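To start, the structure under review is shown below, and the notes come after it.
The values are calculated or read from the model by the stated rules, or taken from the named source; none is laboratory data. Predicted model, so just to flag it, every value in this text is computed and none were measured. Here Cβ is always computed from backbone atoms with ideal geometry, including for glycine, and neighbour counts include all displayed protein chains. Areas reflect the complete protein model, heavy atoms only, side chains present, ligands, DNA and RNA absent. Shrake-Rupley method; radii C 1.70, N 1.55, O 1.52, S 1.80 Å.
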Amino acid sequence: MTDTTALPGGYQLVVGLEVHVELHTATKLFCGCPNRFGDDPNTNVCPVCLGLPGSMPVLNERALELAMRLGRALHCEVRPSIFARKNYFYPDMPKDYQVSQYDQPTNVDGHLDLPDGTRIGIERAHIEEDTGKSTHVGGGGRIHDAAYSLVDYNRCGVPLVEIVSRPDFRTSEQAKAYVNELRAILVATGVSDAKMEEGSLRVDANVSVHQPGTPLGTRCEIKNINSVRSLGRAIEYEARRQIDLLDSGERVIQQTRHWNEDDGRTHTLRSKEEAEDYRYFPEPDLVPLVPTATDVDAIDAALPALPAAQRTALAEASGRTLPDETITIVVDRGLDQLALAAVAAGADADRTLTHLQHDLDPGQAANVPAEQLAELVRMETAGELTASQAKQVLAEMGEAGGEPRAIAAARGFEAMDSSELEAQVDDAIAANADAWAKVLGGESKAQGAIIGHVMKATRGQADGRALNEILQRRIASS
Amino acid sequence: MADAPISRDDVAHVARLARLTLTDDELDTFTGQLASILGHAADVEALDLDDVPPTSHPYPLQNVTRPDEVRPCLDRDEVLAQAPASEDGMFRVPPVLGEAP
Amino acid sequence: MSAVEIAEAVAAGERSARSVVDEHLARIDEQEGEVHAFNLVLADEARARADELDRRIATGGDVGPLAGVPVALKDNLCTRGIPTTCSSRILEGWRPPYDATVVQRLRAAGAVVVGKTNLDEFAMGSSTENSAFGPTRNPLDTARVPGGSSGGSAAAVAAGFAAVSLGSDTGGSIRQPGALCGVVGAKPTFGRTSRYGLIAFASSLDQIGPFARTVEDAALLMEVISGPDPFDSTSIPEAFPDLRGVLGRGVEGLRVGIVEELMGGEGGIQAEVEARTREAALALEKAGAVVDMVSVPAAVYGLSAYYLIAPAEASSNLARFDGVRFGLRDERATTGETYDATRTAGFGPEVKRRIMLGTYALSSGYYDAYYGKAQRVRTMIIRDFEAAYERFDVLLSPASPCVAFPFGDKTADPLSMYLNDVCTIPSSLAGHPALSVPFGTGAHDLPVGVQVMAPALGEQVMFQVAAAIEAAAPGAAR
Ligand SMILES: [Mg+2]
Ligand SMILES: [Zn+2]
C-alpha cells in the first residue's frame, strides 16, 4: 500500500471528492421518460426533458425517496429543501439551466467510515438532473478539434445525487477505498447500480498539497476519471505536478483539469470566455420539500444492513477475527445476505464464501435460495460432490434455478463412496510402492504420485479432501 | 453619472452572460434605459427588509411529486423534424469550445 | 350571441356549429386586415372541427359546455402541430409536439379554435406593439393600441372574431387589454389554471385566463380551463368552484374597498378613469354593498418589485431559445457564436432589455439588492392585502390608469410603458385573482375597465361583484 501521507519534501496531500450517482428509478427526475442506459439516441425524450417551451417539471417521488435513503445511509441530516436553477449555456443542457439543489440541499452533514476506520466527512448529498451526451465528430473525437457535435438527450433529466465529501483524504488509497465503500453502500441500499464504466457513478477529485501547519494549498479539480484505479493514478500524478510547481517556485493556479488515461497525466481544459456566474435562484416551477420526522423514520426503518456491518457479521460467522479480502468481495458483490443465510442454514462458511466470491453471478442470486445453497455446500462437505462439481451445479442453479441434488443427479455427479475410494488407494499404493515408502519415510510431497494415480484412475471424480483424509489416516496408522 | 445603478461595462457583461451581442449604439441606449428602470427600483432597494422573508411562490404548496411510472415518449422523427440540424438520430451543433462547467 | 347562448343553441341542435364558425370566419375575413388580431387563422381546421361536432350532435353524442363556441388562443399557448410563435422571430416555424393543458380542456369541452392571436413578444409589453409581426389595432379605434400583452386575444373578442379567447396575465396582460378593448378579462388565483404548455415569461406570476363580452362567458371559460393538473407542480389541488351559479347572488352586505394607492393623480390615473371607478363603487353601494376606502401601503412598491422579479425569471426561462433543438438558428463557426447570433437576431429590443435587466438582478453581487429584495417586497404586499381582506371581501381599482392610447405614444421610454401595469401588478405579485369589467367610457368615448380583486381562492365573490358592476354599467340592459 503506497503511503502518500509523506510526499516528497514533506508535503501533505489534501483531497475532497465529488461523486455523482444516477439513481435506480424507472423514470427520469422530472418526467415519465424511461431512465435507461444504452437505448437508441433521443428515443427516451419528451417535452420536459427536451426543455421544450411551455413544459414543466414534476418531481419523481421514488427519486426523492432514494436520495433520502442514501442520505441516511451516509448518516446525513435530512432537511427541508428546495430546488434552484443553475444558469449556463451548454448544448447538452436543453433548458440552458440545470435544476439542482443549491443553498438548501436535502442531505447535509454526514460521514462515511472507511474499512480501515478513517472517517470521511460528507458535506452534502443533493439531488439534481443529469445532462445529455455529446459526441464530437471529427478531430479524433477530441472536443476542441471536432468538426461538429451530435447531442443525445436520453440521459438528460436522469436523477442524480451529488455527494460532496469534506477534504478529508490524505492518501490516494483512502480516496479509492471511499469510492469502493460508497459503491458497496449504493448497491446494498438499491439506490444505484453504481457502474463507473456505464457512467452511473462519476468521480471528480479536488486535489491540493501543502506543508503541514500551513494554510491549505490552491486546489485543482480533476475530471474524466473513469475507474477507481485511475482515481488513484490521477491524484498521485496531480499531487506530484503541484509539488514540482511549488518546488520550482511557481504557484498552482485554481483550474479544472482533465485526466487522460492514455498518457497518465492531467491536462488543462480550454478556459471559458466568460467567468462563470450561475445566477442561482429558487426554481419557481417546483415547490419546497418538507420531509416529516415520520418520513425519515420510515426511510431509516427500511435501510438494509450496511456493508461495514455485513463484513463484521460474515467475519464472525466464518470464525475470522477480521474481515478479509474474500468477505469484502462477497459484500461488494451484494451477496452478503445470501452468505449469512446459507451459513445460518448449516453450510460450511469457507466453502460458501469461496463459491460466492467466484462461482455465482450476483445478477442471478435471486435464483438461489439460501437453503439450496446450504444444501449444495453440505453435499460438497460430505464428499458427495467435488469442489469443481459443486461449482458447476451452482452455476446451473444461478442460471435456471433448481434443487442442487436434482441437478447433480442429472449431470451424473455420483461422487464414489468411500469404500470404492479406499480400493482405489490400495491400487495406487500397490502401483507406487517406492513412492509410498518415501511418504511413510516422511517425504510428504511423494504423496503426489499416489494422488495423481487415483485421480487418473477416477478421471478426476474422486473428492480431493476425502482422498487426503484416507491417506493421512493410513500414514498415521502405519 | 457617478452613482448610476448600472454601468456600460455592467450591461456589456450581462449581455455576454445572456448570449446577446450589442452594437456600441445599443450598448449606450440599453445602459441609459436599464439605468432609469433600476433608478425607479431604488425605492425598493432602499427598504430594510432583513426581517421579512422572501416569497418565491405566491400560493404555498409543499411536497408535490408524481409516481415513478413510465409515460409514452415523443416520436423521434417528430422531434428531429423541428431541429435546425440533425444527424443519426441526434441534434447536430457546430463545434463546442470548452467543456461543460 | 354570447358563448353561453351559442353552446346552448348548438348542443340543442338549434344551430349548427358550422354556421356559427362560418359567421365568425366571415367577420375575420372582413376586418382582420384592419385589426390584425391573429398571427394565424385556422379556418379549415375550425370548419372541419365544427362539422365533426355537428355530426356528433346529430348522432346524439355528448358535447361539452363549450359546444361549437369559437375560441381564439394567445399565441404563447402550445398547440400540437400548429405553429406557436410568441410573436417572436426566434420561434419561426416551430410546431410544438404537444398541446397545452388548457387547450386539451377547451377541445374536450367542445370549443372550436379559430386562430392564434398576436401578443407583445413573449408577453412582454402593454400595447402589442412589441410583436415581431406588427401591432394589433384596437377595434374600437384602429389608431390606438388594444393594450397588451394579450392584445390580439382582447381585440379578437371585441371585434367578434371569436366568442371568447384565452390570454395570459403576468402583471396585467389580460386585465389591461380587456379594459382598453371594452371586454371582460379575468385572471384566477395563481395555480388555478395549469401553466403546462404556456410558454413561460415569469413562472411565479404567469396565469392563463379568459376574455369575453359578458361576465357569464368569462366565468364559463374559466370553469372549463381551471382545476388541478398533475403536469404543473404549482397547480392548486382543490377543485375549482362553480362560478356561474353565484353570478345572480347580488352584493347585498358585501364589503367593497377602494384601494387608495391605486387611485388619484400620483398613480398617473386619468380623471375619467378614476371617476368611472368611483361610480362603479357607488353602483355597488346602491345594490347593497358596503363601500369604503382602504390602504394597501406596499402596493406602491409593486411596480419596482415586479420589474425585478419578472425579468429575472424571464432571463432564465428564455435561455432555452438557443437555436439547438427548435426554431431559429443563425449558424456560425461554433456553438457559442451560434447562440449569440441566433438570440441577437431572434429577440426584439424589449425582450433583450428584460433579459439583460433580469440577468443583472440575479448576477453575483446584485442578487440580494435586487431579486432578493423584490421577493421580500412581495411578502410585504401579500401581508398588506391580507390585512385589507380582513375588512373587505373584494377590492376595487381601475384596471388601467388610462384608456387606449395612440400607437407610438409610450414606445420611446420603456418606463412610461411599464407604468400601464401599476394597477394590475399588486394582485399579480400576491398571486390573487383579479379581473377587469367594462364600466362606461373615458376620454374619446373609449371604454374604461374597473378592476375587481379578491383574496386567494376568492374567484366566486370576485365574479359575483363583477356581475353586479356589469349589470349597473352605463348602457347595460336593465
Ligand atoms: Mg453538480
Ligand atoms: Zn422526458
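Please compute the modelled spin-label separation between residue A:475 and residue A:305, points set 7 Å along Cα→Cβ, answer in nm with one decimal. The answer from the label model is 3.8 nm.
Looking at chain C alone, DSSP beta bridges between its own residues are antiparallel in about 65 percent of cases. Averaged over the residues of C:338-344, the number of partner chain Cβ atoms lying within 10 Å of the residue Cβ comes to 6. Rounded to the nearest 20 debye, the dipole magnitude of the stretch A:268-413 is 560 debye, with +1 charges on Lys and Arg beta carbons, -1 on Asp and Glu beta carbons, and the Cα centre as origin. Using all pairs of distinct alpha-carbon atoms, the Kirkwood hydrodynamic radius of chain C works out to 22.0 angstrom. Full extension of the chain between residue A:248 and residue A:116 yields a length gain of 44.0 nm, computed as 0.36 nm times the residue separation minus the alpha carbon distance.
The tail of the calculated P(r) for the stretch A:1-138, taken as Cα-Cα distances beyond 19 Å, holds 62 percent of the pairs.
As an exercise, use a Förster radius of 60 Å and the Cβ-Cβ distance of residue A:371 and residue B:75 to find the FRET efficiency, rounded to the nearest 0.05. About 0.75, to the nearest 0.05.
The residues neighbouring residue C:225, those whose beta-carbon lies less than 15 Å from its own, together hold a net charge of -2 under the Lys/Arg +1, Asp/Glu -1 convention. When A:379, A:455 are compared by accessible area at a 1.4 angstrom probe, the order from most to least is A:455, A:379. About its Cα centre, chain C has a charge dipole of approximately 680 debye under the convention of +1 per Lys or Arg Cβ and -1 per Asp or Glu Cβ, with nothing else charged.
Were the residues from residue A:312 through residue A:348 laid out at 0.36 nm apart, the gain over their Cα-Cα distance would be 11.2 nm. With K and R counted +1 and D and E -1, the other residues having a Cβ less than 14 Å from that of residue A:155 yield a net charge of -4. Here is the size of the stretch C:214-353 from its Cα atoms: Rg then Dmax, 23.1, 71 Å. Bridging of residue A:86 to lysines at a Cα separation below 22 Å is possible for A:28, A:95, A:133, A:223, A:272, C:352, C:373, once same-chain residues fewer than 8 apart are set aside. Report the FRET efficiency, 1/(1 + (r/R0)^6), for residue C:278 and residue C:255, where r is their Cβ-Cβ distance and R0 is 25 Å, rounded to 0.05. That gives a FRET efficiency of 0.90. The per residue volume of the convex hull around the alpha-carbon atoms of chain B is 274 Å³. When DSSP beta bridges are limited to those with both residues in the stretch C:134-218, what percentage is antiparallel, rounded to the nearest 5? Beta bridges within the stretch C:134-218, antiparallel portion: roughly 100 percent.
Shape of the stretch A:248-347 from its Cα gyration tensor (a ≥ b ≥ c, root eigenvalues): rounded if a/c is under 1.5, otherwise prolate when a/b > b/c, or oblate? Oblate, since a/c reaches 1.5 and b/c is not below a/b. Only beta bridges with both residues in the protein assembly as shown are counted; by DSSP, about 80 percent of them are antiparallel.
The alpha-carbon atoms of the stretch C:400-461 define a convex hull whose volume equals 79 cubic angstrom per residue.
Taking a sphere under 14 Å around the Cβ of residue B:29 and counting the other residues whose Cβ falls inside, with K and R at +1 and D and E at -1, yields a net charge of -3. A crude spin-label estimate for the pair residue C:8 and residue A:260, with each label 7 Å from Cα along the Cβ direction, gives 8.1 nm. Distance between the 7 Å Cα→Cβ label points at residue A:321 and residue C:333: 7.0 nm.
Cβ-Cβ distance of residue A:216 and residue C:369, R₀ of 35 Å, FRET efficiency by 1/(1 + (r/R0)^6): the value works out to about 0.65. Largest first, the residues B:51, A:103 sort by 1.4 Å accessible area into B:51, A:103.
Per-residue extension of 0.36 nm, minus the Cα-Cα distance of residue C:43 and residue C:407, leaves a gain of 128.1 nm for this segment. Work out the P(r) tail for the protein assembly as shown: percent of alpha carbon pairs separated by more than 42 Å, whole number. Cα-Cα pairs of the protein assembly as shown separated by over 42 Å account for 50 percent. Exposed loop sites, defined as GluC sites (Glu not before Pro) outside DSSP H, G, I, E and B with at most 11 other Cβ atoms within 10 Å, are absent from the longest region of chain A, namely A:1-249.
A straight Cα-to-Cα reach below 20 Å connects residue C:187 with the lysines C:74, C:116, residues fewer than 8 places away in its own chain not being considered. Within the same chain, aspartates and glutamates fewer than 8 places from residue A:456 are excluded, and of the rest, those with a Cα less than 16 Å from its Cα are A:420, A:422, A:426, A:427.
Surface listing: C:140, A:376 arranged by accessible area from highest to lowest gives C:140, A:376, probe 1.4 Å. Every helix of 4 or more DSSP H residues in chain A counts as -39500 (n - 2.57), and over all residues that averages to -11500 deg cm²/dmol at 222 nm.
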